[in-house]
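Novice: The following block contains the structure, expressed as structure tokens.
Every read-out reported here was derived from the displayed coordinates using simple, explicitly stated rules and does not represent laboratory data. On a predicted model such as this, the values are computed, not experimentally measured, just so you know. A quick note on method: Cβ atoms are made from the backbone with ideal geometry, for glycine too, and the neighbour counts reach across all protein chains shown.
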Amino acid sequence: MQHLRLKQQQQALMQQALLQQQSLYHPGILAPPQIEPIPSGNLPPGFDPSTCRSVYVGNIHSQVTEPLLQEVFASTGPVEGCKLIRKEKSSYGFVHYFDRRSAALAILSLNGRHLFGQPIKVNWAYASGQREDTSGHFNIFVGDLSPEVTDAMLYACFSVYHSCSDARVMWDQKTGRSRGFGFVSFRSQQDAQSAINDLSGKWLGSRQIRCNWATKGAGSNDDKQSSDAKSVVELTNGSSEDGKETTNNEAPENNPQYTTVYVGNLAPEVTQLELHRHFHALGAGVIEEVRVQRDKSFGFVRYSTHAGAALAIQMGNTQSFLCGKQIKCSWGSKPTPPGTSSNPLPPPAAAPLPGLSAIDLLAYERQLAMSKMGGVHALMHPQGQHPLKQAAMGVGAAGASQAIYDGFI
């Protein structure tokens, strides 16, 4: 009788997980691939989930005990063994089942469940040596992910291309929530380009996703990634050997408080306006601040979100020439302080127009600096005037002192 009840419970959980997974795809627009509904994530070559009976459990709250962990995971099937490894910030563990079906059901039904208010991460357990090395693969950035999208769903979406080798959603390690973007790797450059062309704007979960190249050289014949790009693209969201989390929570690529892009190797003639125009054209996100240190040949571009900054670094290192010099983009050295004013900059002028002098451009930059202080609404185009002419005439910026402006450059 107990065995029958357990089997019925398993069937009910499996049905619930399947319905939940299917409901996350927008019907008729992006149908899920016809694959077995078991999270695959980055299954390495040689790893056979049909024989695996163990799962990795990450982000475990400090109050969770080993008996409690075993009790929770016993809800999907008989547990052969359970091991909890204590860590200072968040612990992890392994659960070994007597059969593969129970392990698969645990991944489907328990991943993301809260224990003491903290969401756990559940996936297949395997050694890091089994994972495929994707450092030489072609990586694409996937943005606007809805909160419910998991690594497995992202992988399932892009695995329609046979060379898809990895898919990772970037997670906030403190809250356990998605940061709204991820990366997908392909062995074939052609498949990566096809994915960008075919899946941008398609529905995954409750949102339309956007795709673009994520690494320098991905859109060319250069297979080498720059060190700046690699630091962001490295897909370190899973577990490594013995299930230890390898993600450094304080690293810029993993800390949502980092929203500033450092831009190095600037030509001496690059102005704030030109840098703003260059990064605005990338379309990576909402820009809130632009600064240039001309005497030191570098500058900063601050975005409203971490995801926007991450994409800007990738695209900036791909479209990397400004005033004839190859710029280098990476994360700013410090996170954006909490409470920093969040005022989007007005779009920059597309290009200087005939009849506009260097004084006009300087006036525009002065007004741009003032707009960051929230003191004026710059570039409002009254009476049909061009914004640069308006700035040169002092519209909306009367009384602005040179000392205030100098504080921004």
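Novice: If you add up the charges near Cys323, with Lys and Arg at +1 and Asp and Glu at -1, over every other residue whose beta carbon is less than 9 angstrom from its beta carbon, what do you get?
Specialist: -1
Novice: Roughly speaking, what is the stretch gain from Asn343 to Arg207, that is 0.36 nm per residue apart minus the C-alpha to C-alpha distance, in nm to one decimal?
Specialist: Taking 0.36 nm per residue and subtracting the Cα distance, the gain is 46.5 nm.
Novice: So what's Rg/Rh here for the range 257-331, counting alpha carbon atoms and using the Kirkwood radius for Rh?
Specialist: On the way: Rg = 10.8 Å, Rh = 11.7 Å.
Radius of gyration over Kirkwood radius for the range 257-331 works out to 0.92.
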